[in-house]
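Chemist: My questions will all concern the structure given below.
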Amino acid sequence: VIEQLRAARPQAAFLGLVHRLDRETPGVLLVGKKRPALLDLHAQLRERRTDKRYLAIVVGRWPLRTKTLRFPLHRYLTAEGERRVRVQDGGQEALTRVTGLRQFELPGLGEFTLVQADIETGRTHQIRVHLAHSGFPIAGDEKYGVFELNRQLQKLGFRRMYLHAHSITVR
């Protein structure tokens, strides 16, 4: 992403990614145009002085209220060398607040819920793993989702993971 931005804006003296998103996740991406701003934004993220909000469609009926998910996350490599994350004691602290916004049903596929996920920590695959661990995987998630359901969704034209970086607030 940063290389594409730099190519699109050759006049910019400096461009640096403040944070990154999973490749499969569209939405808000923060870029620093000056090094001091980049360093300040990095500090805000590190010190948890930002609010990052995501929208997701999860499989099942998440309650229409807020629940806090606090599970330690451990990163590892699969036998094929792919990066994965799992909930594991001794892993890094991770906290996600999930609010159910709207429940709906897709005929023949089951029940789903639109949720908002607010993260206090920014761990790799945090929202995806927390939701899957809680029994509500994200629709279309190829790593942590319901694989047979994902195939059915793809046949109907739903060919992506339904997680979107909705907003970020910096102070």
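Chemist: What's the angle, to the nearest 10 degrees (0 to 90), between helix 35-46's Cα axis and the longest principal axis of the chain?
Modeler: Computed tilt is about 40 degrees.
Chemist: A follow-up question, please. Mind checking which aspartates and glutamates have their Cα closer than 14 Å to the Cα of LYS143? Skip sequence neighbours fewer than 8 apart in that chain.
Modeler: ASP22, GLU24, GLU80, GLU82
Chemist: Tabulate in residue order the Karplus-calculated ³J(HN,Hα) for the range 152-164, using 6.51 cos²θ - 1.76 cosθ + 1.60 with θ = phi - 60°, rounded to whole Hz; enter x for Gly and Pro.
Modeler: Running phi through 6.51 cos²θ - 1.76 cosθ + 1.60 with θ = phi - 60° gives 5, 4, 4, 4, 8, x, 8, 10, 8, 8, 8, 10, 9 Hz.
Chemist: As I understand it, the dipole of the range 34-139 uses +1 on the Cβ of Lys and Arg and -1 on the Cβ of Asp and Glu, about the Cα centre. Which of ALA94, GLY81, ILE138 lies farthest toward its positive end?
Modeler: Among ALA94, GLY81, ILE138, the one farthest towards the positive end of the dipole of the range 34-139 is ALA94.
Chemist: While we're on this one: Where q = 0.10, 0.12 Å⁻¹, what log10 of I(q)/I(0) comes from the Debye formula for the range 35-171, counting one point per Cα?
Modeler: -0.36, -0.52
Chemist: Output the relative contact order of the range 1-147, whole-number percent, from Cα pairs under 8 angstrom with separation of 6+ residues. Could the numbers behind the result be given before it?
Modeler: Details: 262 pairs, mean separation 30.4, N = 147.
Answer for the range 1-147 is 21 percent.
Chemist: Any number yet on Rg/Rh for the range 1-47, C-alpha, Kirkwood? Provide the component values of the computation, followed by the final result.
Modeler: Details: Rg = 11.3 Å, Rh = 11.4 Å.
Ratio of gyration radius to Kirkwood radius for the range 1-47: 0.99.
Chemist: Still on this structure, I have one more. Report, to the nearest whole %, how much of the accessible area of the range 1-94 belongs to carbon and sulfur atoms, 1.4 Å probe, protein only.
Modeler: That fraction is 50 percent.
Chemist: Separate question: Taking the Cα centre of the chain as origin, work out the dipole magnitude from +1 charges on Lys and Arg Cβ and -1 charges on Asp and Glu Cβ, in debye rounded to 20. Working shown, then result.
Modeler: On the way: 30 positive and 17 negative charges, 104 e Å.
Here the chain has a charge dipole of around 500 debye.
Chemist: Accessible area per residue of the chain at 1.4 Å probe, in Å²? Don't jump to the answer; show the numbers that get you there.
Modeler: Working: 10100 Å² over 171 residues.
With all protein chains present, the chain gives 59 Å² per residue.
Chemist: Straight-line reach only, C-alpha to C-alpha below 28 angstrom: list the lysines that LYS33 could link to, leaving out same-chain residues fewer than 8 apart.
Modeler: Cross-link targets: LYS52.
Chemist: Considering only protein heavy atoms, what is the solvent-accessible area of HIS42 at a probe of 1.4 Å, reported in Å² to the nearest 10?
Modeler: Accessible area, nearest 10 Å²: 60 Å².
Chemist: When DSSP beta bridges are limited to those with both residues in the chain, what percentage is antiparallel, rounded to the nearest 5?
Modeler: On the way: 38 of 39 bridges.
Antiparallel bridges: around 95 percent, rounded to the nearest 5.
The values are calculated or read from the model by the stated rules, or taken from the named source; none is laboratory data. Everything quoted here is computed from the prediction, not taken from an experiment. A quick note on method: Cβ atoms are made from the backbone with ideal geometry, for glycine too, and the neighbour counts reach across all protein chains shown. With ligands, DNA and RNA removed, areas are computed over all heavy atoms of the protein, side chains included. Shrake-Rupley method; radii C 1.70, N 1.55, O 1.52, S 1.80 Å.
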